[in-house]
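**Q** My questions all concern the structure below.
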Amino acid sequence: MLSEEVKRKIEKETRIYPTKQAACIEALTTVQREQGWVDDAALTEIAGLLEMTPDELDGVATFYNLVFRRRVGRHVILVCNSVSCWVMGYDSIRAHLEQTLGIRLGETTADGRFTLLPIVCLGACDHAPAMMIDLELHGDLTAEKVDAILARYV
Amino acid sequence: MERPLTDNLRADGQPLSLREYMGCGGYKALGDALRGLAPADVTKAVKDSRLRGRGGAGFPTGLKWSFIETGPGAPEPRYVVCNADEMEPGTFKDKVLLLGNPHLLIEGILLAGYAVQAQAGYIFLRGEYAEAGRRVQVAIEEAYENRYVGRNILRSDFSFDLHLHMSAGRYMCGEETGLLNALEGRRANPRGKPPYPASVGLWGKPTVVNNVETLCCVPHILRNGADAFLKLSKTSDGGTKLYGVSGKVKHPGIWELPMGTSLREIIEEHAGGMQEGLGLRAVIPGGASTEFVLEKDLDIPMDFDSLKQVKSRMGTGTVIVLDDQTCPVSMVWNLEQFFAQESCGWCTPCWAGLAWVAETLFAIEHGGGKPEDLDILDMHVNLLGPPGHTFCALAPGAIEPLESALRHFRDEFVRHIEQKHCPYMARQSAAGVE
Ligand SMILES: Cc1cc2nc3c(=O)[nH]c(=O)nc-3n(C[C@H](O)[C@H](O)[C@H](O)COP(=O)(O)O)c2cc1C
Ligand code: SF4
Ligand code: FES
């Protein structure tokens, strides 16, 4: 069940568009901020609020890189694998993350602390290699820097 | 030199408040236009300034605005949409403006809105730019409170609402008709053109779509006149340009320089040249979907027309450097993987073709390439490269780095296939680098 507060936020967002459907991305990300990901029940409820069918809304949800339709860990690490980061050492950063966390791309640690996902260019190419954790940007990564950053997310 | 986009940015990286923005002449152009200029005069000034779209295609901005029908009986409402999706790999220029001076963007949008007599606008921002989103939202609220946005702006009879739309990350949302679908809450598949957004756009209404940097140029044009804007440039197109460099240079970054500054000056003087021990082999001049330019051609001016001489494009103006220790085949594989993944799946040549290209490049890079793989790559260049074979420009854009790599580095592809491994890998492991 969506909380009253989430419903109010979604309702407020619909007012900036002439159709309710246009607020669907904001609705999905609002729910996700609350509970980490968008499960089927939440999706169905949002669809009802926005006068869409669940399938229609799922079609939109699955289009986006930042809407999670599967359970994720408490923190989501998005490591940039696009060209500038790749030139600047993405492979070794990814290998370091995988080794440190004991998971591969696409997986979640057993304690549910981190999910590791690849992402396209974060617009931080002048600070490549870069990653984002819970929408917070970290650049100029080295293995040591990654260790220090990870320690901040419990 | 004068830098209208970045001169007023704060040294501490914080955004200019409304008051600070006004302190350096902000919203003056808007006030003057609302009081003294007809909407068509605004469009004319932008036309005369020879401002061309900074989103990558270089379409003349004033001309785009003039396609919008105004006057009695014209369809309403009309919209201005700011394209702040900035997801082209290697591109990080609009972010500087969104973070540093959101009011400059808002004033640009308002001037565009006044020129085409629009009723509302949306800033379509990529979800990863969360901090920019917070700053833009604060600026919009400040502008509402001070009557720069909303009903009867500055007591004129012009009313205009402005909203922020936070997207959730997908390259196709940057393509302007995909963007309109995304704003309406649909999948960001593109729409057939014609009709163009100027006649049938957001919710079927006339719509102007412009890039962040494009719109940020507009206040200067109105404040100082088209001639002053033209004089900022070294070429026949007006204005300055935000140029960027990433890759193994000494100082990656973004600089506002006269339009038409040479690639060599951007890389050597502003980015500080290559890191110690590395040579520059080639560059991708303007984001992932532009063609490689070789070192020998770096003296070419970076503008919309000059790069055609070397079969490339300025694109977004953000340069990605290929150094002499990085494998070009592997780099192209990385790029094509991106395009294959971000293809929206609407038309077969693109979704099936780009996946095939990426797989073929993977095979070549990892020692499984066959001589006929080059024919497969050439076939895709011919099938997907020319405009009109796919529904939108994503696929032709994806082919630009591939086509140019096959043209410039063909011997490298052949070496990979003949030696059945990546020669650069061997060199790297011999040097003890992972
Ligand atoms: C796949 C694709 C992605 C695009 N992404 C962007 C983008 O992120 N930002 C942008 O301004 N233009 C982008 N464009 C170009 C837009 O379609 C459009 O030309 C531009 O926003 C027009 O603005 P301008 O005339 O001010 O340049 C993209 C085009 C394609 C084909
Ligand atoms: S070219 Fe690619 S991205 Fe564009 S419509 Fe076709 S499948 Fe979608
Ligand atoms: S390529 Fe990684 S941030 Fe741009």
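The values are calculated or read from the model by the stated rules, or taken from the named source; none is laboratory data. Computed from a predicted model, the values in this text were never measured in an experiment. Every residue, glycine as well, gets a Cβ built from its backbone with ideal geometry; the counts of neighbours run over all protein chains shown.
**Q** Output the number of the condition that B:ASP157 fails; it satisfies all remaining conditions of (1) in contact with a Phe, Trp or Tyr (Cβ under 6 Å, 6 or more places away or on another chain); (2) over 30 Å from A:ASP55 (Cα atoms); (3) without any contact (Cβ under 8 Å) to a residue 60 or more places away in the chain.
**A** Status for B:ASP157: all satisfied but (1).
**Q** A:ARG69 - would you say it is basic (Lys, Arg) and not in a helix (DSSP H, G or I)?
**A** The answer is yes for A:ARG69.
**Q** Which of (1) at pLDDT 95 or above; (2) away from ligand 3 (no atom under 16 Å from the Cβ) is the odd one out, the single condition B:PRO387 does not satisfy?
**A** The single condition B:PRO387 does not satisfy is (1).
**Q** Also: Here's a check for you: in segment A:21-36, which residue that is more than 8 Å from every other protein chain (Cβ to nearest Cβ) and buried (at least 18 other Cβ atoms within 10 Å of the Cβ) is farthest from B:GLY185 (Cα to Cα)?
**A** First, the residues of segment A:21-36 that are more than 8 Å from every other protein chain (Cβ to nearest Cβ): A:27, A:30-36.
Next cut, buried (at least 18 other Cβ atoms within 10 Å of the Cβ) only: A:27, A:30-32, A:36.
Numbers: A:ALA27: 10, A:THR30: 15, A:VAL31: 16, A:GLN32: 17, A:GLY36: 21 Å.
Within segment A:21-36, the match that is farthest from B:GLY185 (Cα to Cα) is A:GLY36.
**Q** Please find, among A:LEU78, A:LEU105, A:LEU66, the residue that is more than 16 Å from ligand 2 (Cβ to nearest atom), surrounded by fewer than 19 Cβ atoms within 10 Å (Cβ to Cβ) and within 22 Å of B:PHE339 (Cβ to Cβ). First the steps, then the outcome.
**A** Values: A:LEU78 fails: surrounded by fewer than 19 Cβ atoms within 10 Å (Cβ to Cβ); A:LEU66 fails: surrounded by fewer than 19 Cβ atoms within 10 Å (Cβ to Cβ).
When all the criteria are applied, what remains is A:LEU105.
**Q** Any chance segment B:46-67 includes a residue that's closer than 24 Å to B:SER233 by Cβ, more than 16 Å from ligand 1 (Cβ to nearest atom) and in the same structural domain as B:VAL138 (by TED's automatic domain parsing)?
**A** yes
**Q** Provide a single number: the residues in segment A:76-87 that are within 8 Å of ligand 3 (Cβ to nearest atom) and either in contact with a Gly (Cβ under 9 Å, 6 or more places away or on another chain) or of a type outside the set (Phe, Trp, Tyr) (or both).
**A** Of segment A:76-87, the ones within 8 Å of ligand 3 (Cβ to nearest atom) are A:80-86.
Retained after the next criterion (residues that are either in contact with a Gly (Cβ under 9 Å, 6 or more places away or on another chain) or of a type outside the set (Phe, Trp, Tyr) (or both)): A:80-85.
Total satisfying the criteria: 6.
**Q** Looking at segment B:256-274, which of its residues are surrounded by fewer than 20 Cβ atoms within 10 Å (Cβ to Cβ) and either within 11 Å of another protein chain (Cβ to nearest Cβ) or in a loop (DSSP other than H, G, I, E, B) (or both)?
**A** B:GLY272, B:GLY273
**Q** Can you tell which of B:PRO401, B:PRO396 is within 16 Å of ligand 3 (Cβ to nearest atom) and of a type outside the set (S, T, N, Q)? Walk me through how you get there before you give the answer.
**A** Details: B:PRO396 fails: within 16 Å of ligand 3 (Cβ to nearest atom).
Among B:PRO401, B:PRO396, only B:PRO401 is within 16 Å of ligand 3 (Cβ to nearest atom) and of a type outside the set (S, T, N, Q).
**Q** Of all residues in segment B:215-252, which are away from chain A (no Cβ under 13 Å), touching a strand residue (DSSP E or B) at 6+ places or on another chain (Cβ under 8 Å) and hydroxyl-bearing (Ser, Thr, Tyr)?
**A** Correct list: B:SER233, B:THR235, B:THR240.
**Q** Right, here's the next one. Can we say A:ALA61 is away from every other protein chain (no Cβ under 11 Å) and among the small types (Gly, Ala, Ser)?
**A** no
**Q** Is it true that some residue in segment B:229-243 is farther than 25 Å from B:LEU110 by Cβ, in a strand (DSSP E or B) and not acidic (Asp, Glu)?
**A** Checked against the condition, which is being farther than 25 Å from B:LEU110 by Cβ, in a strand (DSSP E or B) and not acidic (Asp, Glu), segment B:229-243 yields at least one hit.
**Q** Do the conditions hold for B:GLN337, that is, is it in a helix (DSSP H, G or I), within 15 Å of ligand 1 (Cβ to nearest atom) and under 18 Å from A:TYR90 (Cα atoms)? Outline the logic, then answer.
**A** Working: in a helix (DSSP H, G or I): yes; within 15 Å of ligand 1 (Cβ to nearest atom): no; under 18 Å from A:TYR90 (Cα atoms): yes.
Answer is no for this residue.
**Q** Moving on. Considering only residues that are part of a loop (DSSP other than H, G, I, E, B) and closer than 22 Å to B:SER289 by Cα, look in segment B:147-187 and name the one that is farthest from the other protein chains (Cβ to nearest Cβ). Give the derivation first.
**A** Residues of segment B:147-187 part of a loop (DSSP other than H, G, I, E, B): B:147-149, B:151-152, B:156-159, B:167-170, B:175, B:184-187.
Keeping just the survivors that are closer than 22 Å to B:SER289 by Cα gives B:167-170, B:175.
Values: B:SER167: 6, B:ALA168: 4, B:GLY169: 4, B:ARG170: 5, B:GLU175: 13 Å.
Taking the candidates together, the pick is B:GLU175.
**Q** Among B:GLY277, B:GLY317, which is among the small types (Gly, Ala, Ser) and within 14 Å of chain A (Cβ to nearest Cβ)? Spell out the reasoning first.
**A** On the way: B:GLY277 fails: within 14 Å of chain A (Cβ to nearest Cβ).
Criteria check complete, one pass: B:GLY317.
**Q** Exactly one condition in (1) closer than 24 Å to B:ASN181 by Cα; (2) within 13 Å of another protein chain (Cβ to nearest Cβ); (3) hydrophobic (A, V, I, L, M, F, W, C) is false for A:LEU43; which is it?
**A** Every listed condition holds for A:LEU43 apart from (2).
**Q** Just to be sure I understand, how many residues within segment B:160-210 are without any contact (Cβ under 8 Å) to a residue 12 or more places away in the chain and either charged (D, E, K, R) or in contact with a strand residue (DSSP E or B) (Cβ under 7 Å, 6 or more places away or on another chain) (or both)?
**A** Of segment B:160-210, the ones without any contact (Cβ under 8 Å) to a residue 12 or more places away in the chain are B:181, B:185-186, B:194-195, B:200, B:204.
If we keep only those that are either charged (D, E, K, R) or in contact with a strand residue (DSSP E or B) (Cβ under 7 Å, 6 or more places away or on another chain) (or both) as well, we get B:186.
Residues in segment B:160-210 being without any contact (Cβ under 8 Å) to a residue 12 or more places away in the chain and either charged (D, E, K, R) or in contact with a strand residue (DSSP E or B) (Cβ under 7 Å, 6 or more places away or on another chain) (or both): 1 in total.
**Q** Please tell me if B:GLY100 is over 25 Å from A:LEU28 (Cβ atoms), more than 10 Å from every other protein chain (Cβ to nearest Cβ) and in contact (Cβ under 8 Å) with a residue 60 or more places away in the chain.
**A** On the way: over 25 Å from A:LEU28 (Cβ atoms): yes; more than 10 Å from every other protein chain (Cβ to nearest Cβ): yes; in contact (Cβ under 8 Å) with a residue 60 or more places away in the chain: yes.
So B:GLY100 passes the test.
**Q** Out of curiosity, is B:LEU307 assigned to a helix (DSSP H, G or I) and under 20 Å from the mean Cα position of the chain (by Cα)? First the steps, then the outcome.
**A** Values: assigned to a helix (DSSP H, G or I): yes; under 20 Å from the mean Cα position of the chain (by Cα): yes.
Taking the combined requirement at face value, the residue satisfies it.
**Q** Also, I was wondering about something else. Suppose we keep only residues that are facing chain A (nearest Cβ under 9 Å) and not in a helix (DSSP H, G or I) within segment B:121-141. Which one would you say is nearest to the chain's Cα centre (by Cα)?
**A** The qualifying residue nearest to the chain's Cα centre (by Cα) is B:ARG126.
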